[in-house]
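J.: Provided herewith is a single structure, encoded as structure tokens, for subsequent inquiry.
The values are calculated or read from the model by the stated rules, or taken from the named source; none is laboratory data. Only a predicted model underlies this, so the values are computations on that prediction, with no experimental measurement involved. Here the Cβ is made from the backbone with ideal geometry for all residues, glycine too, and neighbour counts use every protein chain on show. Just the protein is used for accessible areas: all its heavy atoms, side chains included, with ligands, DNA and RNA removed. Shrake-Rupley method; radii C 1.70, N 1.55, O 1.52, S 1.80 Å.
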Amino acid sequence: MNTVIAFIIIFGVLVFVHELGHLVFAKRAGILCREFAIGFGPKVFSFKKNETVYTIRLLPIGGFVRMAGEDPETIEIKPGYHIGLLFNAKEEVNKVVVNNKDKHPDAKVIEVEYADLEKELVIRGYEMNEEEVLKEFKVSEESYFVMDGQEIQNAPYNRQFGSKTLAQRTMAIFAGPMMNFVLAFFIFTFLGMVQGYPINESVIGELTPDGAAQAAGLQQGDKVVAINDTEVSTWEEVVKIIQVNPGEELDFLIERGGQSETIAITPKAETIEGETRGIIGVYMPMEQSFWGSFPKAASETYNWSKEIVVGLGKLITGQFSLDMLSGPVGIYKSTEVVAESGVFLLMRWAAVLSINLGIINLLPIPALDGGRLMFFAAEAVRGKPVDRHKEGLVHFIGFALLMLLMLVVTWNDIQKFFL
């Protein structure tokens, strides 16, 4: 049960932060954002604040921000339509009743001759039950369609995604992955402040209560000068000597309180992934520093990003097989293992997953943020945008292929862990 809660929290936070990046920068650009959703499929929970409906949906496979001009909920008012008009205090149309007009007896019903609710914001038509005189009605910039009892906000062209500059559109899309890197940076910073961050020095860190180091009298903070007369100055050198000498007594020359002392320790033999290594029950030294946590967090974010990019490169070049990919099931099982090691390791795992999500979304694959950015790059080179219908078709095909890949990866995870 704890694993389920941990997985839901981690998934929810990563998707929330990613989509929040899109939402914040889209709103800063003046784009009407109709929906902010965590998950896909049927709505489980929703509420509306200002212009945006915030929803949690059933399938935990991502999220989205539905922006005006990019969504399918476009209602067209064509000549010959009979619609009802409701007005605000300025005598501007603030609601266009598309159907069920009998439920709005105070609405002025007209037959449409011409309507432009994006740029001109006018409706011209003939009022029913009156002389056939063509009248023009000014439409408010904050008007709504009323259809099947639901109000859908109209989006003038200047509130649509496509009306914004290339830089604004690029930032609205790039902000999602960017926020995943920002989240990872802040998690690493927090861990550095609370838990400390590892330093590559030959100093003894925390000891396990049942380890050989504790039994031999080694203490946290001891500085290891040499092992079996071999001088050491880094933690990596200490670990290497211990690992290659399982069951062999080693003489540790240490410094403690300005005094030198030699302590004999025999590393315990432990088999890890088919390889026998020596261990003495000592953790890497950690250092706590408020200001030092920031550059360390930046370095850790960069190093993990590089590792993930290198891994993706190996996958593309065939050095990794498709079976090594993990989907939601694989991530859940990994979260189960990590959760057993404590909350700090779980937070570090969340930071790594956040970086992974950011990088995956930046790949130039249709339907992902990177695919959108690829079309923006083409627009910058061509000097004009790619045809929207062609771009939409490419993204649709890309989304279908991604769903197919997710099904394959999920099936591999199920076979790996449950069958």
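J.: Over the chain, average the accessible area per residue using a 1.4 Å probe and give it in Å², no decimals.
T.: Working: 23740 Å² over 419 residues.
Computed with neighbouring chains in place, this is 57 Å² per residue.
J.: Let me ask something else. Could you bin all the Cα-Cα distances of segment 198-310 into 5 Å bins starting at 0 and give me the percent of pairs in each, rounded to whole numbers?
T.: 2, 11, 19, 21, 17, 12, 11, 6, 1, 0
J.: Okay, moving on. Would you please give the residues with an amide H less than 5 Å from that of R34, counting only those at least 5 places away or on a separate chain, with H modeled from the backbone geometry?
T.: Residues meeting the criterion, in which the H sits 1.01 Å from N, are R66, M67, A68.
J.: Lys/Arg Cβ at +1, Asp/Glu Cβ at -1, dipole of the chain taken about the Cα centre: which of L362, T3, L312 is farthest positive-ward?
T.: Farthest towards the positive end: L362.
J.: If you don't mind, another one. Tell me, what ³J(HN,Hα) does each residue in segment 146-155 have, in order and in whole Hz, if you take phi through Karplus 6.51 cos²θ - 1.76 cosθ + 1.60 with θ = phi - 60° and put x for Gly and Pro?
T.: 10, 9, 6, x, 9, 9, 10, 5, 6, 10
J.: So what J values fall out for segment 43-49 if you push phi through Karplus, 6.51 cos²θ - 1.76 cosθ + 1.60 with θ = phi - 60°, rounded to Hz, Gly and Pro as x?
T.: So the J values, rounded to whole Hz, are 6, 9, 8, 7, 8, 10, 9.
J.: Further question on the same structure: Let me spell out the model: positive unit charges on the Cβ of Lys and Arg, negative unit charges on the Cβ of Asp and Glu, origin at the Cα centre of segment 1-107. What dipole size does that give, in debye rounded to 20? Before the final figure, lay out each step's value.
T.: Working: 13 positive and 11 negative charges, 41 e Å.
It comes to approximately 200 debye.
J.: Ordering W411, W349, W304, W291 by how much accessible area each has at a 1.4 Å probe, largest first, what is the list?
T.: On the way: W411 130, W349 60, W304 95, W291 190 Å².
Largest accessible area first, the residues go W291, W411, W304, W349.
J.: Between F40 and D229, what length comes free when the chain is fully extended (0.36 nm per residue of separation minus the Cα-Cα distance, one decimal in nm)? Mind dumping the intermediate values first?
T.: Values: separation 189, 0.36 × 189 = 68.04 nm, distance 6.21 nm.
So the extension gain works out to 61.8 nm.
J.: Let me ask you something else. Report, to the nearest whole %, how much of the accessible area of the chain belongs to carbon and sulfur atoms, 1.4 Å probe, protein only. Don't skip to the answer; put the middle values down first.
T.: Values: 13770 of 23740 Å².
Percent of accessible area from carbon and sulfur atoms in the chain: 58.
J.: Go through K27/K101; K27/K78; K119/K384; K27/K306; K138/K164; K49/K108 and tell me which ones have a Cα-Cα distance over 26 Å in this structure. Intermediate values should be presented prior to the final figure.
T.: On the way: K27/K101 33 Å; K27/K78 30 Å; K119/K384 20 Å; K27/K306 32 Å; K138/K164 24 Å; K49/K108 29 Å.
Beyond 26 Å between Cα atoms: K27/K101; K27/K78; K27/K306; K49/K108.
J.: Oh, and also: Over the chain, consider all pairs of different Cα atoms and compute the Kirkwood hydrodynamic radius from their mean reciprocal separation; express it in Å, one decimal. Walk me through the numbers before you get to the answer.
T.: Working: mean 1/r = 0.0380 Å⁻¹.
When all Cα pairs of the chain are included, the Kirkwood radius is 26.3 Å.
J.: Given a Förster distance of 22 angstrom, what is the FRET efficiency for L401 paired with I360, based on the Cβ-Cβ distance and rounded to 0.05? Present the calculation step by step, with values, prior to reporting the outcome.
T.: Details: r = 14 Å, r/R0 = 0.65.
Efficiency for this residue pair is about 0.95.
J.: Something else: Sorted by packing (mean other beta-carbon atoms within 10 Å per residue), highest first, where do 179-185, 371-377 land?
T.: On the way: 179-185: 22.4, 371-377: 18.6.
So the peptides 179-185, 371-377, ranked by packing, come out 179-185, 371-377.
J.: Can you give the charge dipole size of the chain about its Cα centre, rounded to the nearest 20 debye, using +1 on the beta carbon of Lys and Arg and -1 on the beta carbon of Asp and Glu?
T.: With only Lys, Arg, Asp and Glu charged at Cβ, the dipole is about 920 debye.
J.: Would you mind getting me the FRET efficiency between D116 and V381? Use the beta-carbon distance for r and R0 = 25 Å, nearest 0.05. The partial results should precede the final answer.
T.: Details: r = 32 Å, r/R0 = 1.30.
Calculated value: 0.15.
J.: Which FRET efficiency value, to the nearest 0.05, do you get for K390 and E270 by plugging their Cβ-Cβ distance into 1/(1 + (r/R0)^6) with R0 = 45 Å?
T.: Numbers: r = 58 Å, r/R0 = 1.29.
Once the sixth-power term is evaluated, E becomes 0.20.
J.: Here is a further query. I'd like the distance separating the alpha-carbon centroids of segment 22-63 and segment 138-181, in whole Å.
T.: 12
J.: If you don't mind, there's one more thing I want to ask. For the pair N200/T410, report the inter-label distance in nm, with labels modelled 7 Å from Cα in the Cβ direction.
T.: Here the answer is 4.2 nm between the modelled labels.
J.: Compare R169, R57, R388 by solvent-accessible area with a 1.4 Å probe and give them largest first, with all protein chains kept in place.
T.: I get R388, R57, R169, largest accessible area first.
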